[in-house]
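Values quoted throughout were computed directly from the atomic coordinates according to the rules given, and no laboratory measurement underlies them. Remember, predicted model here, so these are calculated numbers, not experimental data. We place every Cβ from the backbone using ideal geometry, glycine too, and count neighbours over all the protein chains shown.
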Amino acid sequence: MVAAKSGHFDVYDLLVRKGVDLSLVDDDKVDSLMLACEGGNPAIVKHLLSLKQFDVNKRGVHSMTAIMIATEKGNYDVFKLLLSEGADLSLLLRFNLNCLMLACKGGNVQIVKHLLSMKTFAINRRGGWHEETSIMMAAESGHFDVYALLVSEGAEVSPDIGDRGDCLMLACYGGNVSIVKHILSLKTFNVNRRSGLSNETPLMAAIMEGHFSIYTHLVSEGADLTVMNDYRTNMLMLACVGGNLSIVKHLLAMKIFDINSKGGPDNMSAVLFAAENGHSDVFDVLVSEGADLSGTQRYNKNCLMVACTSGNVNIVKHLLSTKLFDINERGGWNTATPVMMAARRGHYDVYHLLVTQGADLSLTDVDSQDILMVACKGGNLSIIKHLFSLKDIDVNRRGGHKRQTPIMLAAENGNVSVFDLLVSEGADLTLSDVDDRNCLMLACYGGNLSIVKHLLSLKTFDFNRRGGKYNQTPLMVASERQHHRVYALLVSEGADLSCLSGNPDRH
């Protein structure tokens with residue numbers, strides 16, 4: 001299935017000759033044909049279709065059919081093969097998203113031409129989560145050839161606003177300057193019009209995405225650099241999110257921004273935005289311009305903590321060299337230390353640097369979670385191995401508001417390598433958390449088949465036992481989370497199916 005998804009025919013062919021089972025599906029009910037349509041190798045797709053064992057219109061993840069997948073991926077040769085086998089182009093996804101819209105996202109102009117030639121698709125129809133037209137989707141995806149084709153076919157480049165803004169706003173996100181220039185040439189769009197979730201302008205969209213050529217064109221067309229969004233985030237702050245150094249330098253050269261002013265949902269300065277997004281070149285320029293590194297964001301999270309969360313080791317090194325920060329200071333909503341934040345995100349280089357600089361690994365956060373627990377969430381095996389090498393880690397210590405042990409966290413997060421290491425270090429698999437969920441229930445939530453298999457092989461778990469907030473069995477948990485292979489394994493082991501009659505979905 002991996003070979004099919006990657007489009008590697010030689011590997012696929014070898015596996016088929018070795019007897020691989022092509023009828024298997026993954027947890028999202030995605031079969032080999034769907035994966036091959038994503039991979040885009042027509043030889044693999046042709047072979048699978050020749051077997052006559054696949055329903056070409058079967059739906060998988062997000063209710064996508066094989067031809068929808070090929071269309072969205074822009075795989076024209078695969079698209080044609082599926083059509084010849086009777087693939088239905090009239091099917092819809094949720095929110096009335098059709099194949100033409102998917103093709104405009106995918107960007108293959110031949111597929112779009114074919115669909116338009118059928119005369120069955122309303123070119124200006126809205127659909128999708130954000131109620132966009134096909135041309136809005138092409139603009140947002142930055143596909144100029146598709147955009148131009150739609151215009152020639154009569155698509156309306158309308159100033160009407162969808163959830164994410166109008167066509168100009170979406171084109172500024174998409175990053176194709178030719179599309180932006182064409183839209184502005186129509187003289188029907190206000191370059192400073194606000195829309196979107198936080199009341200943004202097109203210039204803000206271009207800056208956040210780091211599109212310098214669009215930024216310069218919008219400025220030349222009169223875009224206002226002084227406005228802020230609803231979170232009081234100014235253009236300089238947004239540029240530090242986008243990370244385009246040329247934009248940042250241009251804004252700083254204008255001398256209209258207070259480099260240390262704060263904005264955004266978390267009340268951050270420009271340098272905090274740069275640290276949070278890991279843009280070390282932008283960070284360095286801000287420092288050279290006098291940015292104040294001592295400021296904090298919401299919950300007293302300082303610049304060092306923010307940088308440890310994002311994982312850019314160069315920024316962390318610079319901050320440590322300033323001697324401005326207490327390496328063991330706590331902050332953030334859970335009052336964690338910088339090394340805990342690095343471990344939680346799995347940033348080994350930052351973790352290692354902090355340890356060499358004297359970070360205290362014995363501290364816990366506000367929920368009594370220690371460094372091993374947060375590292376098990378982060379999933380970096382090198383960090384966890386280092387912690388065990390210290391010989392003073394309690395592998396069965398409880399923490400967090402659910403009073404879970406490290407192995408419970410590994411099971412719940414579906415990290416098999418971390419789980420196996422904890423088992424080898426003597427983790428107790430018999431414990432339950434505060435909601436009476438044991439490791440099997442948590443593993444069924446996480447959905448890792450190898451972990452569930454290991455636990456069932458121990459013959460110590462009652463797989464019909466109930467626990468958790470909703471008093472569920474492991475089978476109910478696997479069903480609700482749509483972990484189909486885990487569900488099938490539990491059924492094969494004799495799990496009671498009668499429990500599912502009263503198991504409404506709780507997503």
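Extent of the stretch 365-507 along its three principal axes (Cα atoms, max minus min coordinate, largest first): 48, 30, 24 Å.
Among the listed pairs Lys262/Lys317; Lys249/Lys301; Lys5/Lys29; Lys73/Lys119; Lys317/Lys377, which are separated by more than 18 Å between their Cα atoms? Exceeds cut-off: Lys262/Lys317; Lys249/Lys301; Lys73/Lys119; Lys317/Lys377. Charged neighbours of Ala291, selected by a Cβ distance under 13 Å, balance to -3 (K, R count +1; D, E count -1).
Of the peptides 240-248, 78-86, 488-496, the order by per-residue mean of other Cβ atoms within 10 Å, starting with the highest, comes out as 240-248, 78-86, 488-496. Computed on the stretch 248-366, the Cα convex hull volume stands at 90 Å³ per residue.
Counting Lys and Arg as +1 and Asp and Glu as -1 over every other residue whose Cβ lies under 14 Å from the Cβ of Gly311, the net charge comes to +1. The residues Lys301, Lys469, Lys377, when put in order of fewest to most other Cβ atoms within 10 Å, stand as Lys469, Lys377, Lys301. With all projection directions averaged, the alpha carbon convex hull of the stretch 1-91 covers 5.2 nm².
Evaluated with a Cβ-only charge set (Lys, Arg +1; Asp, Glu -1), the stretch 40-168 carries a dipole of roughly 540 debye about its Cα centre, given to the nearest 20. Of the Cα atoms belonging to the stretch 451-507, the radius of gyration and Dmax stand at 10.8, 30 Å. The simple spin-label model puts a point 7 Å past each Cα toward its Cβ; for Ser382 and Phe95 those points are separated by 3.9 nm. The listed peptides 30-36, 88-94, ordered by packing as a protection proxy, come out as 30-36, 88-94 (highest mean of other Cβ atoms within 10 Å first). By the helix-only formula, in which each DSSP H run with n ≥ 4 contributes -39500 (n - 2.57) and the sum is divided by residues, the chain has a 222 nm mean residue ellipticity of -13500 deg cm²/dmol. Between Arg397 and Glu329, what FRET efficiency comes out of the Förster formula 1/(1 + (r/R0)^6) with R0 = 30 Å and r the beta carbon distance, rounded to 0.05? Computed FRET efficiency for Glu329 and Arg397: 0.85. For the stretch 1-48, the Stokes-Einstein estimate of translational diffusion at 10 °C and a viscosity of 1.306 mPa s comes to 153 µm²/s, using the Kirkwood hydrodynamic radius over alpha-carbon pairs. Measuring r between the beta carbons of Val61 and Arg466 and using R0 = 30 Å, the FRET efficiency lands at 0.55.
Taking the three principal axes of the alpha carbon atoms in the stretch 14-154, the coordinate ranges are 51, 25, 25 Å, sorted in descending order. Could you pull out every residue, at least 5 positions away or on a different chain, whose amide H is within less than 5 Å of the one on Ala336? Hs are placed 1.01 Å off N in the peptide plane, and Pro or chain starts have none. It is Gly331, by chain and number. With contacts taken as Cα pairs under 8 Å at a separation of at least 6 residues, the stretch 284-369 carries a relative contact order of 26 percent. With Rh defined as the Kirkwood radius, the inverse of the mean 1/r over Cα pairs, the Rg/Rh of the stretch 318-361 is 0.94. Calculated translational diffusion coefficient of the stretch 419-485 (4 °C, 1.567 mPa s; Stokes-Einstein with Kirkwood radius over alpha-carbon pairs) equals 107 µm²/s.
Which whole-angstrom value gives the distance between the alpha carbon centres of the stretch 442-492 and the stretch 308-379? Each part reduced to its Cα centre gives a spacing of 33 Å. For the chain, the normalised intensity computed at q = 0.08, 0.10, 0.12 Å⁻¹ comes to -0.70, -1.07, -1.29 (log10 of I(q)/I(0), Debye sum over alpha carbons, equal scatterers, no solvent). Put a dot 7 Å past the Cα of Asp160, heading toward its Cβ, do the same for Thr216, and the two dots end up 3.6 nm apart.
From least to most packed, judged by other beta carbons within 10 angstrom and beginning with the fewest, Val20, Val2, Val316 follow the order Val2, Val20, Val316.
With N counted as the residues of the stretch 157-296, its alpha-carbon radius of gyration over 2.2 N^0.38 Å works out to 1.02. Summarising the label geometry, the points placed 7 Å from Cα in the beta-carbon direction at Arg232 and Glu493 lie 5.4 nm from one another.
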